[in-house]
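Notes follow the structure.
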Amino acid sequence: MARVDVIRVKGGAQLAGDVSVGGAKNSALKLMAVALLAQGRSVVENVPRITDIAIMAEVLRRLGCQVTLEGGHAIIDVPAEPGSEADYDLVRRLRASICVLGPLLARRGYVRVALPGGDMIGSRGLDMHFSGLTRMGAEISGEHGFVIAAAPRGLRGSKIWLDFPSVGATENLLMAAVLAKGVTEIDNAAREPEIVDICDMLTAMGARIGGAGSSTLTVEGVESLSPVTHRTVGDRIVGGTWAFATAMTRGDVTIHGVRPEYLDVALDKLVTAGAQVTLGENQFRVRMEQRPRAVDIVTLPFPGFATDLLPMAIGLAAVAEGASLITENIFDGRFMFVNEMVRLGADIRTDGHHAVVNGRERLSGAPVRATDIRAGAGLVIAGLCADGVTEVGEVHHIDRGYPDFVTDLAKLGVEVERADVPEPTFDF
Ligand code: EPU
């Protein structure tokens with residue numbers, strides 16, 4: 001009989017204590033791809049112990065790199081001539097592997113990467129990646145589910161306007177531009193802290209980048225880059241998840257390893273909801289003494305409220321006093337998990353990219369299913385505010401973004417267990 005992992009939480013705990021957050025998944029994955037830009041040994045420190053990092057390590061190994069993951073570091077030895085192909089079996093398990101497109105095109109002049117397809121949070125286009133690389137002189141074509149990019153005469157600097165500040169497109173274009181001939185200007189670039197982290201690593205490698213953290217990035221191409229050791233920025237989404245969980249459970253938690261300025265809007269929303277937030281350097285404390293008040297939240301590219309915290313925003317609204325209007329502007333399928341929240345008794349109605357949530361004093365524990373990383377974490381946390389036991393299935397999604405999630409919950413006072421349960425099979 002097939003078996004599946006579930007997380008069971010007993011509702012009612014008020015989170016209390018300290019929690020440490022490691023490196024950001026969405027930075028570390030890309031920093032590993034940045035390493036491809038220089039021959040030799042680069043070390044990415046503070047990588048989280050999650051499945052996605054192991055898959056990215058495998059992507060790099062298949063490109064001819066030697067990769068060791070140990071002690072929270074990714075040690076990557078890049079050959080003089082890395083491979084130029086990433087297969088569907090890995091890309092479908094890790095959409096982020098599309099980020100090898102830019103660096104490999106820059107180094108090899110040719111790359112063939114499987115198209116990742118859509119997922120449970122939406123359609124996830126790549127048109128801006130392709131049109132930007134085309135402006136830099138690449139020819140892009142597709143066949144048999146692969147995208148093929150070729151720049152036999154090398155990439156050249158160019159002016160690129162993004163229709164939307166896409167994180168992935170900004171990263172791919174940046175990684176291509178650092179070795180292109182001449183100056184590339186990326187306008188309406190993403191400003192996420194993870195982009196700044198990538199710029200920092202690239203600059204340490206010898207790249208010339210201006211405007212990191214602003215919406216105009218100017219990159220002056222150089223001949224070659226040198227390998228470096230770089231420490232990944234803390235994971236603001238994991239930190240924000242703990243912040244919302246604390247507010248929802250009327251707890252008191254200090255979150256270490258995340259710069260609070262990267263969560264400005266999210267923490268301000270918690271203060272509006274009634275929390276006390278104390279800021280420190282690379283840490284912050286959240287305390288909530290009463291039932292949260294309803295707050296309206298709109299997701300936007302950074303510095304706006306992060307879409308990856310949307311399930312936590314819905315969770316907060318579900319137990320808040322009053323009605324909240326939650327608007328999602330980044331992914332067309334981000335509300336897919338809402339029906340699971342409704343199974344926990346949440347009163348949520350969605351219309352297009354808006355959700356109206358009428359808060360309830362308590363939710364009601366039930367078996368539910370994680371549909372993506374953030375929804376999974378959001379459901380477990382909602383379970384903390386529910387009567388009885390909530391069992392969240394398909395927790396492999398959570399494993400992709402939250403190292404030590406169950407251990408951390410237990411340390412903060414939650415009755416929680418991870419269990420391996422048989423999945424019923426039906427004969428036909
Ligand atoms: N988009 C296009 N065309 C493009 C690129 C993007 O239409 O060429 C659309 C996407 O379909 C989406 C929106 O633009 O609707 C935003 O996409 P973006 O490129 O900014 O996101 P991403 O790079 O695919 C990263 C994170 C996501 C995070 C978003 C937004 C990684 C591996 N993923 O995705 O993280 O939600 O930025 O901040 O860095 C997660 O960690 O759970 C997660 C989904």
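Read the figures in this text as sums done on the coordinates, not as results from a lab. These numbers come from a predicted model, not from an experiment. For neighbour counting, all protein chains shown are included, and Cβ atoms are generated from backbone atoms with ideal geometry for every residue, glycine included.
Let me have the 222 nm mean residue ellipticity of the chain computed from DSSP H runs of 4+ only, each contributing -39500 (n - 2.57), with the sum over all residues rounded to the nearest 500.
-8500 deg cm²/dmol
Using 0.36 nm per residue, how much length does the chain from ARG349 to ARG92 gain when fully extended, once their Cα-Cα distance is taken away?
Additional length available on full extension: 89.4 nm.
List the relative contact order of region 223-355 as a percent without decimals, with contacts defined as Cα pairs under 8 Å and 6+ residues apart.
20 percent
My understanding is that a pair violates if its Cα-Cα distance is over 26 Å; which of LYS30/LYS159; LYS10/LYS30; LYS30/LYS181 do that in this structure?
Checking Cα-Cα distances, LYS10/LYS30 exceed 26 Å.
Using each residue's phi in region 73-82, evaluate 6.51 cos²θ - 1.76 cosθ + 1.60 at θ = phi - 60° and report the 3J(HN,Hα) Karplus result to the nearest Hz, with x for Gly and Pro.
10, 10, 9, 10, 9, 9, x, 4, 10, x
How far, in nm, would the chain grow between MET336 and ASP264 when pulled straight, counting 0.36 nm per residue and subtracting the alpha carbon separation?
Contour length minus the Cα-Cα distance gives 23.3 nm.
In Å, the Kirkwood hydrodynamic radius of the chain over pairs of distinct alpha carbons?
Averaging 1/r across every pair of different Cα atoms and inverting gives 22.1 Å.
So for the pair LEU115, GLU220, with labels modelled 7 Å out along Cα→Cβ, what separation do we get in nm?
For LEU115 paired with GLU220, the spin-label model returns 3.9 nm.
In Å, what is the Rg of the alpha-carbon atoms in region 25-231, and how long is Dmax?
Gyration radius and largest Cα-Cα distance of region 25-231: 15.2, 41 Å.
Pick from ARG349, ARG231, ARG287: which is most flexible by mean-square fluctuation in a GNM of the chain where alpha carbon atoms under 10 Å apart are linked?
Residue with maximal mean-square fluctuation among ARG349, ARG231, ARG287: ARG349.
Report the longest stretch of the chain that contains none of the GluC sites (Glu not before Pro) sitting in a DSSP loop with at most 13 other Cβ atoms within 10 Å.
1-222
Once fully extended, how much extra length lies between ALA204 and GLU81, figured as 0.36 nm per residue of separation less the alpha-carbon to alpha-carbon distance?
The ALA204-GLU81 span can extend by a further 42.1 nm.
Could you grab the relative contact order for region 25-231? Cα pairs under 8 Å, six or more apart, rounded to a whole percent.
Reported as a whole number, the value is 21 percent.
If packing is taken as the average number of other Cβ atoms within 10 Å across a peptide's residues, how do 232-240, 175-183 rank, most packed first?
In descending order of packing, they fall as 232-240, 175-183.
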